[in-house]
Amino acid sequence: PKLQGVFAVNDTHVVSLLLLSSQLEMQLKHIFTQLLEKKESIWINCRAKASGMMEDLAQYFEGDVTLARVSRHEGLIDWFTSMASEIRDLAYESGDHFTVTGRKIQLCVQALEDVEQYDLVDRDVQVKTFLQESRDLLLQMAKAVGINESITEDIKFISDISYGVESMKSYVKILH
């Protein structure tokens with residue numbers, strides 16, 4: 001059955017769809033290539049910010065910071081200091097498969113969620129904000145580490161298949 005009225009599709013519509021799809025694929029490949037180029041700098045930047053935030057929290061719980069009306073808490077100082085070290089030790093260029101690195105990041109995120117349950121942390125909005133921002137940075141790192149060349153190859157393969165020579169033969173006249 002042939003569609004009629006506003007639902008009718010002709011060869012020109014199909015060709016326009018194919019051309020728009022190819023433009024989308026080209027833009028997607030370009031954006032993804034840019035992400036691949038920026039991947040390491042994204043990783044380094046997020047890691048530095050997240051570990052810096054942990055160091056700031058450790059310093060905050062020392063109780064020596066001006067305007068910080070919090071009593072010294074050795075346990076939290078040690079915990080945030082070790083978490084800063086743990087985040088700094090996350091390696092972008094390590095030989096680990098990206099899923100191993102992603103899992104390490106997920107464990108750090110989980111640890112930050114767990115520490116938020118402590119009463120001293122839970123009642124301090126500023127600390128909770130720092131923890132949330134740190135988790136967001138860690139999740140950006142996980143996304144960055146998952147970007148790899150094989151995805152670009154997959155996009156190329158899929159886009160090559162989608163314009164099979166046989167299916168395009170009937171549209172050559174319209175293309176010209």
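Bear in mind that the values in this text are calculations on the coordinates, not laboratory data. A quick note: this is a predicted structure, and the numbers were derived from the prediction, not measured. Positions of Cβ are backbone-derived with ideal geometry, glycine not excepted, and every protein chain shown enters the neighbour counts.
See the values below:
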read-out	value
GluC sites (Glu not before Pro) lying in DSSP loop within the range 71-118, provided at most 10 other Cβ fall within 10 Å	93
Whole-Hz ³J(HN,Hα) from phi, Karplus 6.51 cos²θ - 1.76 cosθ + 1.60, for the range 47-62, glycine and proline x	4, 5, 5, 5, 5, x, 5, 5, 5, 4, 5, 4, 5, 4, 7, 6
Global geometry of the range 44-152, whether rounded, prolate or oblate, following the gyration tensor of its Cα atoms and the 1.5 cut on a/c	prolate
Distance violations [Cα-Cα > 24 Å] among 29/143; 104/156; 39/156	104/156
